[in-house]
Amino acid sequence: NHLRHVESMAKLPSGAGKITGLNAVILGEALASEEDDLVFPSENFSRQAHVSSPQKYLEMYRRSVQDPAGFWSDIASEFYWREKWGQQVYFENLDIRKGKIQIEWFKGGMTNICYNCLDRNIESGNGDKIAIYWEGNEPGLDSSLTYNQLLARVCQLANYLKDIGVRKGDAVVIYLPMLMELPIAMLACARIGAVHSVVFAGFSAESLAQRIMDCRPKVVITCNAVMRGSKIIYLKEIVDRALMESAQNGINTDVCLTYENVSAMKKEMTKWIKGRDIWWQDVIPKYPVTCDVEWVDAEDPLFLLYTSGSTGKPKGVLHTTGGYMVYTATTFKYAFDYKPTDIYWCTADCGWITGHSYVTYGPLLNGATVVVFEGAPSYPDAGRCWDIVDKFKVSIFYTAPTLVRSLMREGDEHVSRYSRKSLRVLGSVGEPINPSAWRWFFNVVGDARCPISDTWWQTETGGFMITPLPGAWPQKPGSATFPFFGVQPVIVDEKGVEIEGECSGYLCVKSSWPGAFRTLYGDHERYEATYFSAFPGYYFSGDGCSRDKDGYCWLTGRVDDVINVSGHRIGTAEVESALVSHPQCAEAAVVGVEHEVKGQGIYAFVTLVEGVPYSDDLRKSLVMVVRNQIGAFAAPDKIHWAPGLPKTRSGKIMRRILRKIASRQLDELGDTSTLADPTVVDQLIALADC
Ligand code: ATP
Ligand code: MG
């Protein structure tokens, strides 16, 4: 299977239509084949699922692409609109040759996403339902808010913001750890039509300053300090430095609203600038617990968020209100098969898009109960996640491959000592999930009972684009399966020509979907150049993808990372997955390096399972695994032992830096400011010739 996949990458053949593969699954043809690793949802699961069969999916999918206006207006009508959208449900121009790139959904419709998250759910009788369970860094430290309580807190902050002059369209920067106050702040902004820009509270003062200077907020919301594992981080000091830097560049911020995070440190220890700095607890509780909603146009901006920065300087992605609301709610409901009795936990930080769409908006729009976790998943030990799952009876657990691999490395006993009986759906996002990590997640964490939604999407897409619908069809470990409703992904060759059937190439999308981003903040030209120019007529994702004979999509990694060995184009994901399938390999990252004969050679960074020593034999057996699974041409030329890999703060491997280490261009490492732990770079350099 792998071999064919690689060959097809090299030849890019054409064949049958896209959905025909799934038809084959329905007819049972594909199931006869031994080489396919199909994992079926249980009959019980499928019976209760929103989408219970491939036929049902195809029926809904067909309507969603044949009649997008009808499909999405039906769903949008389930939300509250102060005024209905105009005659034209959506407008799009994705073709740069026809003029300005423009996407609009539900234009003219007046609504408010905070109202739809909170007031609407309360009005339908869910005011006393738990909206947020909060779990602190220290086990035992927790609290919760019902929908009624959450609304009251949001309104108090919204009233304060209005009082200090924040108006519709104004920017607010939020630099908070995963306290309840983070989603509260986002919702408060949305309630008054302010545009939030959440900056992950692990970023440096310089990165924060850059973002402040970009969007010029009236207010920055932060807290004094936070505990991360056993380490204390003084957030307010970082904000102070960022505000000083932006002031030196002529950008002044009126107010720094600071939450006293009591678990972390005493108030008296915080440096204070009178007139600018305000303690949250001193002012917010005094404000009324109700606050009128600012009705905004569906196309008014909701938030600004920077991408993870895996490939370089982060891009300021702008999302608007109406389409994003409809899209995040719908994707959440179907991809996780959400039911009102579920308890949902997503481990992502609100500093990333996942924390926007699938900690905050998507779940709350569905009236869900959400777990918000402040701490680190390895503190106090590697069993913390399952402790939390058992404690709150979490039924849907959504995380990233990086966490799955790191827990896998620690051993099964940290998982098996917890019950995890409440779990019913698992999810993964951020990188391709290696099939072996998928199986571990499925078998060990989910007791072979819970479907895994491997959701492919991006900051830019707002919500899931390619994702399993658990219950609808059999899964293949490592495949993101099929497009979500309304999404028309296409695979194009280097000339931008769509290729059909079993193939591999550049992943593009050929029409708009409601959750699509509308621009890069302040730089529409860069938006058009980055996403719509490489393949005119399409949105280009920057990722590579292959489609197998059953129509399943396999993300192969970023196209900039593709390695060309003697004319074979090899995606990073494939070689990495082969390496990780070795029982002693915990994580792997491959890059191409110049090679005299082959053009490019494969250079693999490998992290071993806890306690396994490096050896020459192991090196050989790792190379063998790749030879056997993919082919001799894909065998790594070099294995570089890596105690840790450079990752973005959202947990993605940064191959850009690994490429420089592999080619020993050590003075060209570039911007390392978005790295989670810059010290791994020195460690890798030191181990280069071992
Ligand atoms: P930047 O664009 O600044 O380099 P980034 O692309 O890492 O950063 P995000 O928007 O957070 O920023 O990540 C989206 C990318 O993550 C996708 O383009 C893809 O490469 C990867 N990705 C996300 N989910 C999946 C998945 N389920 N399977 C494969 N890849 C995924
Ligand atoms: Mg990206």
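The values are calculated or read from the model by the stated rules, or taken from the named source; none is laboratory data. In this text, all values refer to a predicted model and were calculated from it rather than measured experimentally. Heads up, the Cβs are rebuilt from the backbone with ideal geometry, glycines too, and the neighbour counts pull from every protein chain shown. In case anyone asks, the SASA skips ligands and DNA or RNA and just uses the protein heavy atoms, side chains included. Shrake-Rupley method; radii C 1.70, N 1.55, O 1.52, S 1.80 Å.
Please state the equivalent ellipsoid semi-axes for the range 439-588: what are the square roots of 5 times the Cα gyration tensor eigenvalues, largest first, in whole Å? Write out the running numbers ahead of the final one.
Working: eigenvalues 149, 79, 46 Å².
The equivalent ellipsoid of the range 439-588 has semi-axes of 27, 20, 15 Å.
In a fully extended conformation the segment linking Met624 and Asp37 would gain 209.1 nm over its present Cα-Cα distance, using 0.36 nm per residue. A straight line joining the Cα centroids of the range 395-460 and the range 344-384 runs 14 Å. Taking a straight line from the alpha carbon of Lys286, these lysines sit under 17 Å away, with near neighbours fewer than eight places off in the same chain left out: Lys162.
Given in Å, the Rg to one decimal and the Dmax to the nearest whole number for the Cα atoms of the range 482-546 are 12.2, 40.
Sorted from greatest to least, the principal axis extents spanned by the alpha carbons of the range 353-442 come out as 37, 29, 23 Å. For the modelled label position 7 Å from the Cα of Asn252 along Cα-to-Cβ, which residues of the range 220-241 have backbone nitrogen atoms closer than 17 Å? Answer for this model: 220. Bridging of Lys549 to aspartates and glutamates at a Cα separation below 14 Å is possible for Glu7, Glu29, Glu34, Glu35, Asp36, Asp37, Glu500, Glu502, once same-chain residues fewer than 8 apart are set aside.
I'd like the carbon and sulfur percentage of the solvent accessible area for the chain, probe radius 1.4 Å, heavy atoms only, ligands and nucleic acids excluded. Roughly 50 percent of what the probe reaches on the chain is carbon or sulfur.
Placing unit charges on the Cβ atoms only, positive for Lys and Arg and negative for Asp and Glu, gives the chain a dipole magnitude near 620 debye about its Cα centre.
Shown here is the pair-distance distribution of the range 71-160: with all Cα-Cα distances grouped in 5 Å bins from zero up to the longest one, the shares run 3, 11, 15, 14, 13, 13, 11, 8, 7, 4, 2, 0 percent.
Considering only the Cα atoms of the range 585-690, their convex hull presents on average a projected area of 7.1 nm². Counting only DSSP H runs of at least 4 residues, each contributing -39500 (n - 2.57), and dividing by the residue count of the chain, the helix-based mean residue ellipticity at 222 nm comes to -8500 deg cm²/dmol. Mean projected area of the convex hull spanned by the Cα atoms of the chain, taken over all viewing directions: 28.7 nm².
Among 184-193, 121-130, 449-458, sorting by the average number of other beta carbon atoms lying within 10 angstrom of each residue, highest first, gives 184-193, 449-458, 121-130. Within the range 651-690, all pairs of alpha-carbon atoms sorted by distance into 10 Å bins from zero give the percentages 28, 63, 9. Taken about its Cα centre, the range 131-260 carries a charge dipole of roughly 380 debye when the Cβ of each Lys and Arg holds +1 and the Cβ of each Asp and Glu holds -1.
Of the GluC sites (Glu not before Pro) found in the range 46-102, those that fall in a DSSP loop while having at most 16 other beta-carbon atoms within 10 Å are Glu78. Label-to-label distance, Asp292 versus Asp671, with points set 7 angstrom from Cα along the beta-carbon direction: 4.2 nm.
When ligands, DNA and RNA are left out and all protein chains stay put, how many square angstrom of accessible area per residue does the chain have with a 1.4 Å probe?
36
Dipole orientation for the chain: of the candidates Asn148, Ser663, Trp641, Asn148 has the Cα lying most toward the positive pole (charges on Cβ; Lys, Arg +1; Asp, Glu -1).
Projected onto its three principal axes, the C-alpha set of the range 222-278 covers 37, 20, 14 Å, listed from the longest axis down. P(r) tail for the range 409-481: Cα pairs beyond 20 Å make up 32% of the total. Of all lysines in the structure, those lying under 17 Å Cα to Cα from Lys100, and not within fewer than 8 positions of it along the same chain, are Lys510.
Quick note on the range 262-410: its Rg to Rh ratio, both from C-alpha atoms and Rh being the Kirkwood radius, is 1.01. By DSSP, what percent of the beta bridges with both residues in the chain are antiparallel, rounded to the nearest 5? Percent antiparallel among DSSP bridges in the chain is about 60. Averaging the Cα positions of each part gives two centres, and for the range 666-690 and the range 494-553 these lie 32 Å apart.
Normalised by the number of residues in the chain, the mean separation of alpha-carbon contacts (under 8 Å, six or more apart) gives a relative contact order of 15 percent. Under a point spin-label approximation (7 Å from Cα along Cα-to-Cβ), what is the Arg241-Asn564 distance to one decimal in nm? The answer from the label model is 4.3 nm. Between Ala190, Gly486, Ile353, the Cα set farthest toward the positive side of the dipole of the chain (charges on each charged residue's Cβ, about the Cα centre) is that of Ala190.
If you put +1 on each Lys and Arg Cβ and -1 on each Asp and Glu Cβ, how big is the dipole of the range 293-449 around its Cα centre, in Debye rounded to 20?
Values: 15 positive and 16 negative charges, 107 e Å.
Around 520 debye, computed over the range 293-449.
Treating each Cα of the range 60-209 as an identical point scatterer and summing with the Debye formula, the log10 of I(q)/I(0) at q = 0.11, 0.12 Å⁻¹ comes to -0.62, -0.73.
Applying both filters, DSSP loop and at most 10 other Cβ atoms within 10 Å, to the trypsin sites (Lys or Arg not before Pro) of the range 261-346 gives Lys266, Lys271, Lys274.
How big is the Rg/Rh ratio for the range 189-239, C-alpha atoms only, Rh by Kirkwood, two decimals? Expressed as Rg/Rh, it is 1.01.
Using the structure shown, select from Lys266/Lys333; Lys476/Lys660; Lys495/Lys652; Lys267/Lys339; Lys393/Lys652; Lys266/Lys391 the pairs with a Cα to Cα distance greater than 32 angstrom. Over 32 Å apart, Cα to Cα: Lys266/Lys333; Lys476/Lys660; Lys267/Lys339.
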